[in-house]
Structures are given as structure tokens and as C-alpha cells.
Amino acid sequence: MTLSIAGTGLSLPSRRVSNDELAQITGIETTDEWIQTMTGISSRYMITTETLVELAEKAAVDALADAQIDPSDVDYIIAATMGCETSTPSLACHIAEHIGVQCPAVDLNAACVGFLYALDYAAGLIQRGRASTILIITGERMSAHIDWTDRRTCILFGDGAAGVVATAGSGLTYLNLQTRPDTEVIYQYRRMCGNSPLATPDEETPMHLEGQKVFKYAVSLMEQEITTALETLNLQAEDIDHYLIHQANRRIIDFAIERLGLSPEKFPMNIDQYGNMSAVSIPALLHEMRQNNTIQPGDTLLLCAFGAGMTCGSSVIRWETPTR
């Protein structure tokens with residue numbers, strides 16, 4: 001007994017920003033053509049008047065409604081995030097308060113691989129008999145982490161929240177997580193707001209990202225994770241119906257597809273609409289595929305992500321939830 005996904009939800013900011021508008025707002029020297037060529041991104045959603053907490057709360061409510069599960073039946077809440085408007089209480093506690101439950105609630109941060117880490121956490125809780133219905137929410141406010149004068153990074157990211165309801169089942173057939181420690185490729189120093197008389201103030205910087213190194217890491221890790229998953233389960237590439245890859249950069253995904261010799265049709269993408277939403281990326285894609293009935297009961301999904309740390313992971317899910 002592992003888990004199955006019973007419902008999904010997605011919540012986006014009201015403000016959609018095109019590439020042309022981004023260039024106008026920031027004043028950076030770039031064009032829509034250049035951004036699309038280098039990343040595959042044409043627009044992204046950015047928080048303006050709403051908060052990440054509000055987006056996450058809506059994603060939670062929508063996922064529960066989709067699963068037809070009452071909030072009172074939720075045994076555990078896991079939020080995968082790099083941080084919301086409050087460092088404490090956690091995003092998960094905000095969600096618990098909003099849906100009116102008193103179950104355990106915790107945040108985890110594995111950057112862009114956060115959703116897969118949350119699946120692992122949830123599967124362990126179910127297998128140990130600690131929970132049978134778990135709400136997993138991913139929420140990222142990437143616009144608050146980046147340098148809006150650096151065109152190498154500010155064009156890449158978007159904000160949003162998405163989530164799933166995980167229940168006891170047999171859908172999750174494989175999950176692998178690992179870290180290839182490298183803390184210099186992607187990092188951000190965040191200033192703590194205390195005023196200790198015994199320590200110098202912390203340095204605060206926007207996110208630093210070394211694009212070429214990230215590209216090489218991502219392609220290598222994706223190739224390794226997919227190959228290992230297929231070999232472990234004794235599957236052929238064509239046995240997978242859908243490959244849901246972290247939507248970081250279309251060129252990364254295209255390059256990996258070419259190296260693996262796989263069919264591009266099996267790799268759904270939505271990076272053109274949303275940019276890189278970090279941990280939100282895969283569950284947002286999963287929700288859209290559910291909405292348009294691309295996923296059918298019995299389909300086999302391979303999920304793969306990579307992120308700062310450098311963290312990476314993959315999972316294989318046999319889809320059990322009926323279509324709408």
C-alpha cells in the first residue's frame with residue numbers, strides 16, 4: 001500500500017505578464033523573441049495584490065473539492081515551498097486554519113523537487129498507518145526571490161500554487177530522491193530580522209543562478225533519473241504514457257528528449273504560459289492534464305524534477321482516479 005492521487009487544484013495570481021510587458025516594466029534589454037528562443041516562455045503569472053498564502057489556500061480548497069473529500073477527513077498537510085509571507089507560522093499552518101482542521105501541518109523545502117519530496121513524505125505516513133488522507137500543497141512566490149535587473153534570471157520564473165489530495169492506494173509504484181550537493185550553483189542569502197548584539201547583520205541577496213551549470217546538471221540528472229526508473233521497473237520508454245518534467249526551461253527538456261531518444265509527444269509542457277514555478281511546476285501540469293482529460297485511468301506517469309541543492313528525483317504513478 002502506497003498512495004494514489006484523488007484530486008488536484010491550481011491557483012494563479014490575477015496578473016499575467018507577457019514577455020513584452022516584462023521588458024517594459026523592468027527596463028531590461030530583451031525581447032519576446034529572445035526569451036521564447038532561450039526558454040520557451042511567453043508569459044508568467046506574478047503576485048501583485050494577493051498573497052501566496054491566499055493562493056495556497058484556494059489550491060487546497062479546489063483539490064479537496066475535486067477529490068470530493070471533506071476537510072475534516074484530512075489527516076496531514078504538507079506544504080512544499082521556498083517560503084511564504086511568514087517564515088512562521090508555516091504555509092501548511094495557514095492552510096490548516098483556512099480549511100478548519102487541527103491535523104499535523106508542516107512545510108518542507110527541496111526547491112523545485114519539493115512536490116516529489118512531499119510525495120515521499122506522504123507515502124511514508126500512509127505506509128506507517130499515520131495517515132490515510134494527505135493534502136499536499138505547493139506554493140511559490142518566485143517574484144520575491146529574484147533580481148529584476150538580471151535578465152538571466154528574472155525572465156524565467158512565475159508565481160502560483162497547486163496541490164493534490166493523496167489517499168491510501170497502489171498508484172505510486174516507484175520513487176527515488178537524491179542530492180548531488182552543490183550549494184554554489186543556485187543560492188539565495190536571506191537576512192534574518194533579529195537584532196542580536198552578538199552577531200553582525202545577515203547579508204541578503206536575490207537568487208543567484210549559474211545558468212550553464214544548471215543546464216548541464218538538469219540534462220544529466222533528468223537522463224539518469226528516467227533511465228534508472230525504467231530499468232528498476234523493467235519498463236521500456238514506450239510503456240510510459242506521460243513524462244511530467246519540471247518546467248524549468250524548454251531547451252533543457254528538448255535536449256534531454258533528444259539524448260534519450262524519446263517521443264516529444266509524451267512530454268506535456270506548460271512552461272510557455274507559466275514560466276518556472278519551482279515546486280508548483282509538476283502538480284500544476286498534472287492539474288491541467290486532469291482538466292482536459294489527457295490522463296486516463298490505467299495510464300503510467302513518470303515525474304522527474306531537479307532543483308537547487310542540487311536536489312533531484314523521479315517517481316512513477318499508475319493513474320487510478322477516474323476522469324471527470
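The values are calculated or read from the model by the stated rules, or taken from the named source; none is laboratory data. Note that the structure is a prediction, hence the values are computed from the model and not measured. Note that each Cβ is placed from the backbone with ideal geometry, even for glycine, and that neighbours are counted across all protein chains shown. Note: accessible area is taken over every heavy atom of the protein model, side chains too, but ligands, DNA and RNA are not part of it. Shrake-Rupley method; radii C 1.70, N 1.55, O 1.52, S 1.80 Å.
Given the conditions (1) modelled with pLDDT of 95 or more; (2) hydroxyl-bearing (S, T, Y); (3) surrounded by fewer than 16 Cβ atoms within 10 Å (Cβ to Cβ), which single one is not true for T86?
Exception for T86: condition (1).
List every residue pair whose Cβ atoms sit under 6 Å apart, with the two residues 6 or more apart in sequence or on different chains, where the first one lies in the stretch 25-53 and is of a type in the set (D, E) and the second, anywhere, is in a loop (DSSP other than H, G, I, E, B).
Every condition considered, the pairs that remain are E50/P13.
Between A122, A105, which is more than 22 Å from A248 (Cα to Cα) and in contact with a helix residue (DSSP H, G or I) (Cβ under 7 Å, 6 or more places away or on another chain)?
A105
Out of the stretch 155-193, which residues are open to solvent by less than 10 Å² (accessible area, probe 1.4 Å) and either modelled with pLDDT under 80 or charged (D, E, K, R) (or both)?
D159, V185
Over 17 Å from S143 (Cα atoms) and surrounded by 20 or more Cβ atoms within 10 Å (Cβ to Cβ) - does that describe any residue in the stretch 69-76?
Yes, there is a match, as at least one residue in the stretch 69-76 is over 17 Å from S143 (Cα atoms) and surrounded by 20 or more Cβ atoms within 10 Å (Cβ to Cβ).
Which is farther than 15 Å from M277 by Cβ, buried (at least 21 other Cβ atoms within 10 Å of the Cβ) and touching a residue at least 60 places away in the same chain (Cβ under 8 Å), of A63, A59?
The conditions single out A63.
Identify, from the list I226, I257, I295, I317, the residue that is in a helix (DSSP H, G or I), touching a strand residue (DSSP E or B) at 6+ places or on another chain (Cβ under 7 Å) and either surrounded by fewer than 22 Cβ atoms within 10 Å (Cβ to Cβ) or not basic (K, R) (or both).
Answer to the check: I226.
Just a yes or no: is a residue in the stretch 217-240 within 20 Å of S278 (Cβ to Cβ), at pLDDT 90 or above and aliphatic (A, V, I, L, M)?
no
Closer than 22 Å to D120 by Cβ, in a helix (DSSP H, G or I), among the hydrophobic types (A, V, I, L, M, F, W, C) and free of Cβ contacts under 8 Å to residues at least 60 places away in the same chain - does that describe any residue in the stretch 262-282?
No; the residues of the stretch 262-282 include none that is closer than 22 Å to D120 by Cβ, in a helix (DSSP H, G or I), among the hydrophobic types (A, V, I, L, M, F, W, C) and free of Cβ contacts under 8 Å to residues at least 60 places away in the same chain.
Within the bounds of the stretch 76-87, is there any residue that is farther than 18 Å from T8 by Cβ, assigned to a helix (DSSP H, G or I) and aliphatic (A, V, I, L, M)?
Within the stretch 76-87, none of the residues are farther than 18 Å from T8 by Cβ, assigned to a helix (DSSP H, G or I) and aliphatic (A, V, I, L, M).
Exactly one of (1) within 20 Å of V164 (Cβ to Cβ); (2) open to solvent by 20 Å² or more (accessible area, probe 1.4 Å) is unmet by L262. Its number?
Condition (1) is where L262 drops out.
Return yes or no: is I240 aliphatic (A, V, I, L, M), touching a strand residue (DSSP E or B) at 6+ places or on another chain (Cβ under 8 Å) and open to solvent by less than 50 Å² (accessible area, probe 1.4 Å)?
Yes, satisfied.
Determine, yes or no, whether V113 is touching a Phe, Trp or Tyr at 6+ places or on another chain (Cβ under 8 Å), open to solvent by less than 10 Å² (accessible area, probe 1.4 Å) and β-branched (V, I, T).
Taking the combined requirement at face value, the residue satisfies it.
So in the stretch 32-47, with the set limited to residues that are in a helix (DSSP H, G or I) and open to solvent by less than 70 Å² (accessible area, probe 1.4 Å), which one is nearest to S278 (Cα to Cα)?
Per the criteria, the residue is T39.
Considering only residues of the stretch 16-31 that are open to solvent by 50 Å² or more (accessible area, probe 1.4 Å) and within 19 Å of N249 (Cα to Cα), which is nearest to the chain's Cα centre (by Cα)?
Here the residue is R16.
Filter the stretch 267-292 for residues that are buried (at least 23 other Cβ atoms within 10 Å of the Cβ) and of a type in the set (S, T, N, Q) and give the result.
The answer is N276, S278, S281.
I need a count of the residues in the stretch 298-314 that are closer than 18 Å to L3 by Cα and open to solvent by less than 10 Å² (accessible area, probe 1.4 Å).
Counting residues in the stretch 298-314 that are closer than 18 Å to L3 by Cα and open to solvent by less than 10 Å² (accessible area, probe 1.4 Å) gives 6.
Take the residues in the stretch 95-106 that are over 18 Å from S278 (Cβ atoms) and in a helix (DSSP H, G or I), then tell me which one is least open to solvent (accessible area, probe 1.4 Å).
Here the answer is A96.
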